[in-house]
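Below is one structure, written out as C-alpha coordinates; comments come after it.
The values are calculated or read from the model by the stated rules, or taken from the named source; none is laboratory data. Nothing here was measured: the structure is a model prediction, and the numbers come from that model. Quick reminder, even Gly has a Cβ in these numbers, built from the backbone with ideal geometry, and neighbours come from all protein chains shown.
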Amino acid sequence: MNFPILQDESVILKQLTREYGVDVLKHFSNEEVNKFVDFDKMSTIEETNEIIDWGLSLFKNNNGILWGIFRKSDNVFMGQLNYVLRVDNNFEGKKHRAEIGFDLSPSFWGNGYMSASIKLANNYVFNEMGMNRIEAIVHPLNTRAHTTLRKIGFSKEGILREYVLYHNNYWDMVLFSLLKKEIL
(Lines give C-alpha, C1' and ligand atoms only; values in the text may rest on other atoms or scores of the structure.)
Protein backbone atom coordinates (compact mmCIF):
# COMPACT_ATOMS: atom_id res chain seq x y z
CA MET A 1 0.00 0.00 0.00
CA ASN A 2 1.28 3.44 -0.93
CA PHE A 3 1.50 6.07 1.76
CA PRO A 4 -1.38 8.58 1.38
CA ILE A 5 -0.53 12.18 0.63
CA LEU A 6 -3.36 14.53 1.64
CA GLN A 7 -3.69 18.22 0.85
CA ASP A 8 -5.99 21.19 0.83
CA GLU A 9 -5.34 24.84 -0.06
CA SER A 10 -2.99 25.44 2.90
CA VAL A 11 -1.30 22.16 3.95
CA ILE A 12 0.18 18.95 2.60
CA LEU A 13 0.31 15.86 4.80
CA LYS A 14 3.00 13.43 3.68
CA GLN A 15 5.18 10.69 5.05
CA LEU A 16 8.00 11.72 7.37
CA THR A 17 11.28 10.13 6.36
CA ARG A 18 14.83 10.61 7.56
CA GLU A 19 15.40 13.21 4.85
CA TYR A 20 13.38 15.58 7.09
CA GLY A 21 15.42 14.68 10.18
CA VAL A 22 16.99 18.11 10.69
CA ASP A 23 13.58 19.81 10.47
CA VAL A 24 12.04 17.31 12.89
CA LEU A 25 14.96 17.77 15.31
CA LYS A 26 14.51 21.55 15.24
CA HIS A 27 10.79 21.07 15.88
CA PHE A 28 11.14 18.64 18.79
CA SER A 29 13.96 20.62 20.41
CA ASN A 30 11.62 23.60 20.82
CA GLU A 31 10.55 24.18 24.44
CA GLU A 32 7.01 25.24 23.47
CA VAL A 33 6.46 22.12 21.35
CA ASN A 34 7.64 19.92 24.21
CA LYS A 35 5.71 21.65 26.97
CA PHE A 36 2.89 19.06 27.03
CA VAL A 37 4.45 15.90 25.59
CA ASP A 38 5.53 12.98 27.72
CA PHE A 39 9.07 12.69 26.42
CA ASP A 40 12.17 14.84 26.80
CA LYS A 41 13.22 17.54 24.38
CA MET A 42 15.27 16.03 21.55
CA SER A 43 18.89 17.00 21.08
CA THR A 44 20.30 14.51 18.54
CA ILE A 45 19.46 13.33 15.05
CA GLU A 46 19.44 9.77 16.43
CA GLU A 47 16.51 10.64 18.71
CA THR A 48 14.73 12.20 15.76
CA ASN A 49 15.33 9.12 13.66
CA GLU A 50 13.69 6.99 16.37
CA ILE A 51 10.48 9.03 16.02
CA ILE A 52 10.63 8.86 12.23
CA ASP A 53 11.30 5.11 12.27
CA TRP A 54 8.41 4.63 14.72
CA GLY A 55 6.13 6.39 12.25
CA LEU A 56 7.37 4.32 9.31
CA SER A 57 6.79 1.14 11.31
CA LEU A 58 3.27 2.21 12.35
CA PHE A 59 2.21 2.40 8.71
CA LYS A 60 4.16 -0.68 7.54
CA ASN A 61 2.58 -2.86 10.25
CA ASN A 62 -0.93 -1.42 9.87
CA ASN A 63 -0.86 -0.03 13.41
CA GLY A 64 -1.37 3.61 12.52
CA ILE A 65 0.07 6.47 10.54
CA LEU A 66 2.40 9.45 11.04
CA TRP A 67 2.18 12.42 8.71
CA GLY A 68 4.50 15.38 8.48
CA ILE A 69 2.59 18.65 8.15
CA PHE A 70 3.98 20.93 5.44
CA ARG A 71 2.86 24.39 4.37
CA LYS A 72 1.58 24.03 0.83
CA SER A 73 2.84 27.39 -0.43
CA ASP A 74 6.54 26.59 0.15
CA ASN A 75 6.76 22.97 1.40
CA VAL A 76 8.12 24.04 4.82
CA PHE A 77 7.85 21.43 7.60
CA MET A 78 5.53 22.72 10.36
CA GLY A 79 4.79 19.74 12.62
CA GLN A 80 3.40 16.23 12.83
CA LEU A 81 0.12 14.39 13.15
CA ASN A 82 -0.17 10.73 14.10
CA TYR A 83 -2.87 8.15 14.70
CA VAL A 84 -2.21 4.95 16.63
CA LEU A 85 -4.83 2.26 16.02
CA ARG A 86 -6.26 0.55 19.09
CA VAL A 87 -7.64 -2.98 19.46
CA ASP A 88 -10.46 -3.87 21.83
CA ASN A 89 -10.14 -6.85 24.12
CA ASN A 90 -12.78 -8.74 22.17
CA PHE A 91 -10.53 -11.52 20.86
CA GLU A 92 -11.33 -10.49 17.28
CA GLY A 93 -8.38 -8.15 16.96
CA LYS A 94 -10.48 -5.62 15.06
CA LYS A 95 -9.12 -2.09 15.08
CA HIS A 96 -11.94 0.42 15.09
CA ARG A 97 -10.56 3.37 17.04
CA ALA A 98 -7.46 5.50 16.86
CA GLU A 99 -5.64 7.80 19.25
CA ILE A 100 -4.48 11.07 17.69
CA GLY A 101 -1.32 12.96 18.61
CA PHE A 102 -0.28 16.26 17.07
CA ASP A 103 2.00 19.26 17.42
CA LEU A 104 2.89 22.33 15.40
CA SER A 105 5.93 24.60 15.64
CA PRO A 106 4.98 27.86 17.40
CA SER A 107 5.80 30.09 14.44
CA PHE A 108 2.82 28.51 12.64
CA TRP A 109 0.29 28.77 15.49
CA GLY A 110 -2.92 30.69 14.96
CA ASN A 111 -3.15 30.24 11.18
CA GLY A 112 -5.55 27.28 11.02
CA TYR A 113 -2.89 24.82 9.82
CA MET A 114 -3.54 22.28 12.57
CA SER A 115 -7.33 22.39 12.21
CA ALA A 116 -6.99 21.91 8.45
CA SER A 117 -4.54 19.03 8.94
CA ILE A 118 -6.70 17.20 11.48
CA LYS A 119 -9.82 17.56 9.33
CA LEU A 120 -8.00 16.12 6.30
CA ALA A 121 -6.49 13.28 8.27
CA ASN A 122 -9.71 12.45 10.18
CA ASN A 123 -11.53 12.04 6.89
CA TYR A 124 -8.88 9.56 5.74
CA VAL A 125 -8.79 7.69 9.07
CA PHE A 126 -12.58 7.32 9.18
CA ASN A 127 -13.22 6.55 5.53
CA GLU A 128 -10.10 4.75 4.30
CA MET A 129 -8.80 3.11 7.48
CA GLY A 130 -12.28 2.16 8.71
CA MET A 131 -12.13 3.75 12.15
CA ASN A 132 -15.32 4.57 14.05
CA ARG A 133 -13.80 6.66 16.85
CA ILE A 134 -10.83 8.98 17.25
CA GLU A 135 -9.58 9.80 20.74
CA ALA A 136 -7.29 12.59 21.88
CA ILE A 137 -5.62 12.44 25.28
CA VAL A 138 -4.46 15.96 26.14
CA HIS A 139 -2.75 17.65 29.08
CA PRO A 140 -5.27 19.77 31.06
CA LEU A 141 -3.19 22.95 30.61
CA ASN A 142 -2.82 22.53 26.84
CA THR A 143 -5.69 24.89 26.10
CA ARG A 144 -4.61 25.48 22.48
CA ALA A 145 -5.13 21.78 21.77
CA HIS A 146 -8.46 21.78 23.62
CA THR A 147 -9.65 24.72 21.51
CA THR A 148 -8.51 23.11 18.25
CA LEU A 149 -10.21 19.81 19.05
CA ARG A 150 -13.50 21.45 20.06
CA LYS A 151 -13.43 23.66 16.98
CA ILE A 152 -13.38 20.63 14.68
CA GLY A 153 -16.08 18.72 16.54
CA PHE A 154 -14.39 16.68 19.27
CA SER A 155 -16.28 16.32 22.55
CA LYS A 156 -14.67 16.40 25.98
CA GLU A 157 -15.46 13.12 27.73
CA GLY A 158 -13.70 13.65 31.03
CA ILE A 159 -10.51 13.52 33.06
CA LEU A 160 -8.21 10.49 33.12
CA ARG A 161 -6.81 10.80 36.63
CA GLU A 162 -3.05 10.26 37.04
CA TYR A 163 -3.01 8.71 33.58
CA VAL A 164 0.59 9.43 32.52
CA LEU A 165 3.79 8.87 34.53
CA TYR A 166 6.52 11.26 33.44
CA HIS A 167 9.68 12.07 35.43
CA ASN A 168 8.24 10.34 38.50
CA ASN A 169 5.12 12.52 38.44
CA TYR A 170 1.62 11.46 37.51
CA TRP A 171 -0.28 13.69 35.12
CA ASP A 172 -4.04 13.89 34.80
CA MET A 173 -5.13 14.00 31.16
CA VAL A 174 -8.30 15.14 29.38
CA LEU A 175 -10.05 12.69 27.04
CA PHE A 176 -11.68 14.04 23.87
CA SER A 177 -13.37 11.97 21.17
CA LEU A 178 -14.95 12.24 17.74
CA LEU A 179 -17.20 9.58 16.21
CA LYS A 180 -17.47 8.93 12.50
CA LYS A 181 -21.23 9.58 12.54
CA GLU A 182 -20.58 13.03 14.01
CA ILE A 183 -18.75 14.28 10.92
CA LEU A 184 -20.89 12.75 8.16
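Taking Met78, is it part of a strand (DSSP E or B), touching a helix residue (DSSP H, G or I) at 6+ places or on another chain (Cβ under 8 Å) and at pLDDT 95 or above? It is true that Met78 is part of a strand (DSSP E or B), touching a helix residue (DSSP H, G or I) at 6+ places or on another chain (Cβ under 8 Å) and at pLDDT 95 or above. Residues of the stretch 116-150 that are in contact with a helix residue (DSSP H, G or I) (Cβ under 6 Å, 6 or more places away or on another chain) and not in a strand (DSSP E or B): Phe126, Met131, Asn132, Thr148.
Among the residues making up the stretch 164-178, those that are over 10 Å from His139 (Cα atoms), modelled with pLDDT under 95 and in a strand (DSSP E or B) are Leu165, Tyr166, Asn169, Tyr170. Before we move on, is Ser105 within 17 Å of the chain's Cα centre (by Cα) and crowded, with 17+ Cβ neighbours inside 10 Å? Answer is yes for this residue.
Conditions tested, residue by residue: (1) polar (S, T, N, Q); (2) farther than 16 Å from Ser117 by Cα; (3) touching a residue at least 60 places away in the same chain (Cβ under 8 Å).
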{"position": "Asn34", "(1), (2), (3)": "yes, yes, no"}
{"position": "Gly55", "(1), (2), (3)": "no, yes, no"}
{"position": "Phe59", "(1), (2), (3)": "no, yes, no"}
{"position": "Asn62", "(1), (2), (3)": "yes, yes, no"}
{"position": "Phe77", "(1), (2), (3)": "no, no, no"}
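Across the stretch 81-115, the qualifying residues are those that are charged (D, E, K, R) and not in a strand (DSSP E or B), and the one among them that is modelled with the lowest pLDDT is Glu92. Among the residues of the stretch 123-144, those identified as more than 28 Å from Leu165 (Cα to Cα) and of a type in the set (S, T, N, Q) are Asn123, Asn127, Asn132.
Counting the residues of the stretch 31-49 that are among the polar types (S, T, N, Q) and either in contact with a Gly (Cβ under 7 Å, 6 or more places away or on another chain) or crowded, with 16+ Cβ neighbours inside 10 Å (or both) gives 3. Check the stretch 146-164 and report whether any residue there is exposed (fewer than 13 other Cβ atoms within 10 Å of the Cβ) and within 29 Å of Met1 (Cα to Cα). Scanning the stretch 146-164, I find no residue that is exposed (fewer than 13 other Cβ atoms within 10 Å of the Cβ) and within 29 Å of Met1 (Cα to Cα), so the answer is no. Considering Ile159, Ile134, the condition of being in contact with a Leu (Cβ under 7 Å, 6 or more places away or on another chain) and on the phi < 0 side of the Ramachandran plot is satisfied by Ile134 alone.
Considering the stretch 144-184, the residues that are in contact (Cβ under 8 Å) with a residue 12 or more places away in the chain and of a type in the set (Ser, Thr, Tyr) include one that is nearest to Arg86 (Cα to Cα), namely Ser177. Going by the structure shown, is Asn122 under 10 Å from the mean Cα position of the chain (by Cα) and either β-branched (Val, Ile, Thr) or surrounded by 14 or more Cβ atoms within 10 Å (Cβ to Cβ) (or both)? No.
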